[in-house]
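Read-outs throughout are calculated quantities, based only on the coordinates presented, and are distinct from any laboratory measurement. All figures in this text were calculated on a predicted structure; none of them were measured in a lab. Every residue, glycine as well, gets a Cβ built from its backbone with ideal geometry; the counts of neighbours run over all protein chains shown.
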Amino acid sequence: MRIAVYSHYYSPEIGAPSARIADLSSQWLRSGHEVHVATCFPNHPTGRIYPGYEARLYRRELLNGVHVHRSWTYITPNKGLLKKTLGHASFLASAQIWSTRRIPTPDCAIGTSPTFFAAMAARACGRRHRIPYVMDLRDLWPAVFVDLGVLKNQRLIRLLERWEMNLYRDATSIVTVTEAFRRNLIRRGIPAERIFTIPNGADVNFWRPVLGPAATLRERLQLGDSFVVLYIGAHGISQGLAAVLQAAERLLNQRKIQFVFVGEGAERDRLIKQAQDGGLTNIKFMEPVDREGTRDYYAMSDLCLVPLRDIPLFDAFIPSKIFEIMSVGRPILASLRGEAAEILRRSGSAEIVAPGDGAAIADGIRRLYLDPAHRREMASSGPEFVAREYSRAQLAKRYLNVIEEAKMRFSLSHG
């Protein structure tokens, strides 16, 4: 089977969207399928093209066995809604002009959203070749921006919601990353038999306990034998990192406890200034790293943080990093609710506190710092749990079943 995937983000870029598509593509390849990915020139999250690439109209490469079609887009850092939207919109046009016509006729087209433009490109590919279009839904857009207060114009919101529903209705099948997303679509009138939940997970062969680099990285960061509390990922409005800074302030007198933030995002500069103004000498801000670097940071840490903003919509979200952290055998302190909290409680590898509550985060860190035996117990439960329930290999097989079912249903409905 030949599978065409449209994704704004792809390897070697860092982040959950590119990791999901790259891992699934790799697993499908191992199952004997041919995979083509239409994407951009790698630049996320800094807005600078990665070494080894240059801005061109089109480039085709074979990356780990996957046929990757890269087309020109408007490139911008991961900051500013308007500029980011322009970047995504330019992908829709360039993918159709440069990539789609170079992909041999596929058996299925998958478009990952948000934003809508990659899904639209997959839908156009489906119509061009008369094949099923599957929408891979990683986020509820535009609802997340409405709840965060970014979008307030009611006319624009209604327009975006109509656009959203049209993409759902046109999809042969929809794959969501959480059960809560699936229930949301069913409540809004999308037939349940067309919606499947395939969560994010971890490549357990890569995300495994690795201890070797920990001492070297600690030495480079001058952390010595500190108790290292790690946050790694996007520094945006969704993560609620201001509450983590509040926790760091409360723990400032605990000199052994040190915070390390790794990543990039719209809020990073503000967070750095806030930490500097508050005299938070127990925080280090580090530049984003690739997946190997991420694994090294996990290995160095004593406790990993997974925070989210305190808004009701985020009860439906599952941060993908929880699977990586559990798989490498690190304990987690998560400040969130909903489906993600339920998974973490089942795993036995995390403690949960209220989202947005700096005092609760500080208390949780202090409690775990003082209880190394409990931390070891938490850490040991993660790898087995992920391997059993959230291995990317298992999830990729489930996804193939969805594609086969979509092909059959599309064939029956289109003669």
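Report summary: the helix-based calculation at 222 nm, which adds -39500 (n - 2.57) for every DSSP H run with n ≥ 4 and divides by the residues of the chain, gives -13500 deg cm²/dmol.
Charge tally around Ala341: other residues with Cβ under 15 Å, Lys/Arg +1 each, Asp/Glu -1 each, net -2. Of the trypsin sites (Lys or Arg not before Pro) found in segment 3-57, those in coil by DSSP whose Cβ has at most 15 other Cβ atoms within 10 Å are Arg48, Arg56. This model, with +1 at the C-beta of Lys and Arg and -1 at the C-beta of Asp and Glu, gives segment 335-382 a dipole about its Cα centre of some 120 debye. Under 5 Å from the amide H of Asp136 lie the amide H atoms of Gly111, Thr112, Ser113, Val175, each residue being 5 or more positions distant or on a separate chain, with H modelled from the backbone and absent for Pro and chain starts. For the pair Ile186 and Thr281, the difference between a 0.36 nm per residue extended length and the Cα-Cα distance amounts to 29.4 nm. Approximating the spin labels as points 7 Å out from Cα along Cα→Cβ, the Glu61-to-Leu221 distance works out to 2.8 nm.
Mean-square fluctuation check for the chain, GNM, Cα pairs under 10 Å: which of Val210, Val134, Val402 is largest? Judging by the Gaussian network model, the answer is Val210.
Report the local net charge at Gly329: Lys and Arg +1, Asp and Glu -1, summed over other residues whose C-beta lies under 10 Å from its C-beta. Result for the local shell: +2.
A P(r) calculated from all alpha carbon pairs of the chain, with 10 Å bins opening at zero, reads 5, 22, 32, 26, 12, 3, 0, 0 percent. Annotation: extensible slack from Gln394 through Ala93 equals 104.9 nm (criterion: 0.36 nm per residue apart, minus Cα-Cα distance). Within the shell of other residues whose beta carbon sits under 13 angstrom from the beta carbon of Phe181, the net charge comes to -1, with Lys and Arg scored +1 and Asp and Glu -1. Each part reduced to its alpha carbon centroid, segment 87-152 and segment 195-273 end up 31 Å apart. Ordering of 235-246, 114-125, 291-302 by packing is 114-125, 235-246, 291-302, highest average first (other Cβ atoms within 10 Å, averaged per residue).
Its relative contact order, with pairs defined as Cα atoms under 8 Å and 6+ residues apart, puts the chain at 14 percent. Considering only Ile14, Ile195, Ile272, the Gaussian network model of the chain with Cα springs below 10 Å gives its largest mean-square fluctuation to Ile272. Using all pairs of distinct alpha-carbon atoms, the Kirkwood hydrodynamic radius of segment 223-379 works out to 15.4 angstrom. Working note: Karplus 6.51/-1.76/1.60 with θ = phi - 60° gives segment 138-147 the couplings 9, 7, 8, 10, x, 3, 4, 6, 5, 5 Hz, where Gly and Pro are set to x.
A Förster distance of 35 Å, applied to the separation of the beta-carbon atoms of Arg346 and Asp290, puts the FRET efficiency at 0.70.
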